[in-house]
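Everything on this sheet refers to the single structure shown next.
The values are calculated or read from the model by the stated rules, or taken from the named source; none is laboratory data. Quantities reported herein were computed from a predicted structural model and do not represent experimental measurements. Positions of Cβ are generated from backbone atoms using ideal geometry, with glycine treated the same way; all protein chains shown enter the neighbour counts. Side chains included, ligands, DNA and RNA excluded: accessible areas come from the protein's heavy atoms. Shrake-Rupley method; radii C 1.70, N 1.55, O 1.52, S 1.80 Å.
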Amino acid sequence: MSWTDRRILDLFGIELPIIQAPMAGSTTPEMVLAVSAAGGLGSLPCALSTPQQAREAVQRIRAGTDRPFNLNFFCHTPPVPDAARAAAWHQALRPYYQEFGLEHGAPPPSGNRAPFDAEFCALVEEVRPAICSFHFGLPEPALLERVRRSGARILSSATTVAEARWLAERGCDAIIAMGLEAGGHRGHFLSDDLSLQLGTMALVPQIVDAVSLPVIAAGGIGDARGIRAALALGASAVQLGTAYLFTPEARIPAPHRAALHDAEGRATALTNIFTGRPARGLVNRIMREMGPISPLAPAFPTAGGALAPLRGHTEPQGSGDFMSLWAGQAAPLGREMPAGELTRRLAAEALGGAPPG
């Protein structure tokens, strides 16, 4: 058997319609290398990296494979500093500081997620990745045109049909249809209204009908059954994130890995308390007690600074109570195996119709 829809395969120059999601903070160059070398598309997140760190990661990937890979960037607008809101959030967390005997002084530094800018754009022009993907919309037109002239194919995530049409009108080469089940940060950018968000199996066919571009399904896909379902609904490829967190190439702290292995007995929820923007993770103590959505949380990406001392105190004790445990709703389907093997096995099972083993 073979893949009947080859649009993504031919567009990206890959063999398997499987994309490893760019998970900032968890993805390593070794994961990207393994997935791309296996015939899928590895994705390197750059939002938590400096341009030099991203450059060094690209060098490590290219030292191991000449296959295409994806560089991923955030496109958020940094918020205007709001000292009063930051102080109110810090004060709301005061009981936890007292519980652990931590000093409750000035609010700690805020998050360090960097948006795509001229310096990152220069990096793209220098290293010339085959694909560039964006989260939270697209860069400003002048920067986007420079990316296009570098030769990179351009992707971005849509959480609604309106966002998919917006991306298509601005020249994306393919669109990631990000369903509500997906782990990590929601990719929405036209509206913050979470009631507009759809599940993957409802969103994919609507976007397929609305745009002429190939569509990549993301969210709640954890095994071959999900892959076959997404392709049957018109997707040309799938993007999986949480499944790759179970691989040895993933860089996640021990409490996060332990929570993933216990995912069958745990719920996930969208929460804004770790960064200020809705993102799906396994429910833990701070999510239950302060959220999961809190109106007090400062704007993205600044909410996490006040939680850092609490995480720093509890994580060494094996606790995940105060850290983000990003995961999608298909987390219980995760299997421990190397990233390259997982990519090949998912593809073989999807093609052969065999159940996961």
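Things worth noting here:
- Helices in the chain, meaning DSSP H runs of at least 4 residues, each add -39500 (n - 2.57). Divided by all residues, the mean residue ellipticity at 222 nm is -10500 deg cm²/dmol.
- Using a Förster distance of 56 Å, the FRET efficiency for Ala142-Ala269 (Cβ separation, nearest 0.05): 0.90
- The accessible-area ordering, largest first, of the residues Glu341, Glu119 stands as Glu119, Glu341, per a 1.4 angstrom probe.
- Accessible surface, the chain, averaged per residue in Å² (probe 1.4 Å): 40 Å²
- Accessible surface of the chain [probe 1.4 Å, protein heavy atoms]: carbon and sulfur percent: 52 percent
- Phi angles of segment 87-96 translate, via the Karplus equation with coefficients 6.51, -1.76, 1.60 and θ = phi - 60°, into HN-Hα couplings of 5, 5, 5, 4, 5, 5, 8, 3, x, 6 Hz per residue; Gly and Pro are given as x.
- Between the amide H of Asn72 and those of Leu44, Cys46, Ser133, distances stay under 5 Å, these residues lying 5 or more places away or on another chain, with hydrogens modeled in the peptide plane.
- Taking packing as the residue-averaged number of other Cβ atoms within 10 angstrom, the listed peptides 283-292, 259-268 run from highest to lowest as 283-292, 259-268.
- Total charge dipole magnitude, the chain, about the Cα centre, Cβ charges on Lys, Arg, Asp, Glu only, Debye to nearest 20: 200 debye
- Sparse packing (at most 15 other Cβ atoms within 10 Å of the Cβ) combined with a DSSP loop state is found for the following trypsin sites (Lys or Arg not before Pro) in segment 1-102: Arg6.
- Using a Förster distance of 41 Å, the FRET efficiency for Met337-Gln53 (Cβ separation, nearest 0.05): 0.90
- Surface listing: Phe74, Phe189 arranged by accessible area from highest to lowest gives Phe189, Phe74, probe 1.4 Å.
- The length gained by stretching the chain between Ala88 and Leu351 to full extension, at 0.36 nm per residue less their Cα-Cα distance, is 89.4 nm.
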